Amino acid sequence: GLSVDNVAKSGGMGEMFGAPSEPEARMAKVCAPEKSGGIELWAGFRQVGGAVQLELDVRNISSSVPISNMAIQLNKNAFGLSPANQQIVCNPPVPMGGSGKQSVELVSNPNMMVQVQAGQPASPQIQVAIKNMTTGLVFYFAANFALEALFTSNGGALERGAFIEAWKSIDDKKELYGTVSDLPAASTDIDQVAAKFKMHRIYLIARRPVPNAEGQEVAYFSMRTLTGMVFMAELTFKKGVNAAKVCIKTENIAYGVQAKLALENLLRF
């Protein structure tokens, strides 16, 4: 059955009490205990209440000293993100064999921005240094940023006319194509895809059957980052086929790969 813990995790409690539930971050193991004095770290990114969060799952595998205070720094990165506060306080401290979740709020800071080289895609990698304040040990890891954590509800949904104008005005050379296959059934239904995307501030602008193509339908979406980048997407679905064609158009072509990856990852999970 569904315990209260699970309901809280899935955001169900928030919905029951009328608060919008924020999708969970996709977590990946970023640090093995042998590199970091017995601490294993999992990291992911999401947006909560308009703020970008680095979510950390801190697992104490073999440190006899409970993990209580850490400091965090980020290297310059393609998104200009840095911690709002460098202190991470584990309360209660994490004993050996235990684990604890931490959220680090990230803010956009122009001084932290790495200029992307012309013709190159922006690197998704965010390099992080953490210092265990109790033991003095410093360790490093890299985590791939999830661009959907940067999408904003403010101006994300383009008006239909503006979308068509913008789509036409962008050179076809600034298009990125791909096909995502092996999709779960829910990701082949445009209504369900649109509902899921909307939770991540990716907005359905229009949908229509593909002329002269039996059972094919195309859907157009728009998204805008907190830093002002706009991406437009065309997704093509075919009845009975568990795949989708994805086309992204954007003036911020260096970040197009990240936007395309964000959509593909959301479709897959």
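So if the hydrodynamic radius of the range 28-80 is defined as the Kirkwood radius over C-alpha pairs, what does Stokes-Einstein give as its diffusion coefficient at 20 °C and 1.002 mPa s, in µm² per second? Write down the numbers at each step before the final one.
Values: Rh = 12.7 Å.
Here the translational diffusion coefficient equals 168 µm²/s.
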Notebook entry, point to check: Between Gln73 and Asn212, what is the label-to-label distance in nm when each label sits 7 Å out along the Cα-to-Cβ direction?
Noted result: 6.1
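So how much slack lies between Thr152 and Met96, counting 0.36 nm per residue of separation and subtracting their Cα-Cα distance, in nm?
16.3 nm
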Notebook entry, point to check: Could you give the semi-axes, largest first, of the ellipsoid that matches the range 159-269, computed as the square roots of 5 times the alpha carbon gyration tensor eigenvalues and rounded to whole Å?
Noted result: 21, 16, 13
Notebook entry, point to check: Between Asn242 and Gln192, what is the spin-label point distance in nm, taking each point 7 Å from the Cα along the Cα→C-beta axis?
Noted result: 1.1
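So between Tyr140 and Ala51, what do we pick up on full extension, going 0.36 nm a residue minus the alpha carbon distance? Don't skip to the answer; put the middle values down first.
On the way: separation 89, 0.36 × 89 = 32.04 nm, distance 2.39 nm.
Gain on stretching Tyr140 to Ala51: 29.7 nm.
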Item checked: Degrees separating the helix 160-169 axis from the principal Cα axis of the chain, which is the longest one -> 90
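Quick one: plug the Kirkwood hydrodynamic radius of the range 190-253 (C-alpha pairs) into Stokes-Einstein at 20 °C, 1.002 mPa s, and report D in µm²/s. Write down the numbers at each step before the final one.
Details: Rh = 12.5 Å.
D = 171 µm²/s.
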Checklist line | Segments 142-151, 55-64, 184-193, 36-45 sorted - mean Cβ within 10 Å per residue, highest first | finding: 142-151, 36-45, 55-64, 184-193
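Give the calculated FRET efficiency between Gln87 and Thr227 to the nearest 0.05, with a Förster radius of 25 Å applied to their Cβ-Cβ distance. Kindly include the intermediate steps, with their values, before the conclusion.
Details: r = 25 Å, r/R0 = 1.01.
E(calc), rounded to 0.05, equals 0.50.
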Margin query: Largest first, please: the extent of the C-alpha atoms of the range 176-222 along each principal axis, to the nearest Å.
Written below: 32, 25, 23
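If packing is taken as the mean number of other Cβ atoms within 10 Å per residue, what is the order of 158-166, 75-83, highest first? Don't jump to the answer; show the numbers that get you there.
Values: 158-166: 13.9, 75-83: 20.1.
My ranking of the peptides, most packed first, is 75-83, 158-166.
Could you work out the per residue convex hull volume over the alpha carbons of the range 20-116, in cubic angstrom? Please list the in-between numbers first.
Values: hull volume 11.2 nm³, N = 97.
Residue-normalised Cα hull volume stands at 116 Å³.
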Item checked: Estimated FRET transfer efficiency when R0 is 30 angstrom, pair Glu159-Lys29 (beta carbons, to 0.05) -> 0.10
Next item on the list: Could you give the C-alpha radius of gyration of the range 46-166 expressed as a fraction of 2.2 N^0.38 Å, taking N as the number of residues it contains?
Entry: 1.30
Next item on the list: Could you give log10 I(q)/I(0) at q = 0.14 Å⁻¹ for the chain, computed by the Debye formula over C-alpha point scatterers of equal weight, without solvent?
Entry: -1.05
Notebook entry, point to check: Taking only the alpha-carbon positions of the range 96-176 and ignoring solvent, what does the Debye formula give for the base-10 log of I(q)/I(0) at q = 0.14, 0.23, 0.26 Å⁻¹?
Noted result: -0.82, -1.40, -1.40
Next item on the list: Evaluate the charge dipole of the chain about its Cα centre and quote only its size in Debye, nearest 20, assuming +1 on the Cβ of each Lys and Arg and -1 on the Cβ of each Asp and Glu.
Entry: 220
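Would you mind computing the Rg to Rh ratio of the range 123-222 from its alpha-carbon coordinates, Kirkwood style for Rh?
Working: Rg = 19.5 Å, Rh = 17.3 Å.
With Rg and the Kirkwood Rh in hand, the quotient comes to 1.13.
Please report the relative contact order for the chain, taking Cα pairs under 8 Å with a sequence separation of at least 6, and give it as a percent rounded to a whole number. Numbers along the way, then the final one.
Working: 574 pairs, mean separation 40.7, N = 269.
Relative CO of the chain lands at 15 percent.
Would you mind computing Rg(Cα) / (2.2 N^0.38 Å) for the range 221-269, counting N as its residues? Walk me through the intermediate numbers first.
On the way: Rg = 11.6 Å, N = 49, 2.2 N^0.38 = 9.7 Å.
Dividing the Cα Rg of the range 221-269 by 2.2 N^0.38 Å gives 1.20.
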Item checked: Lys/Arg +1, Asp/Glu -1 at C-beta; the chain dipole; positive extreme among Ser82, Ala259, Gly119 -> Gly119
Item checked: Helix-only mean residue ellipticity at 222 nm for the chain, each DSSP H run of n ≥ 4 adding -39500 (n - 2.57), per residue, nearest 500 -> -4500 deg cm²/dmol
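Quick note: the coordinates plus some simple rules give every number you see, no bench work behind them. Keep in mind that this is a model prediction, so the values were computed, not measured. Cβ: placed from backbone, ideal geometry, glycine included. Neighbour counts: every protein chain shown.
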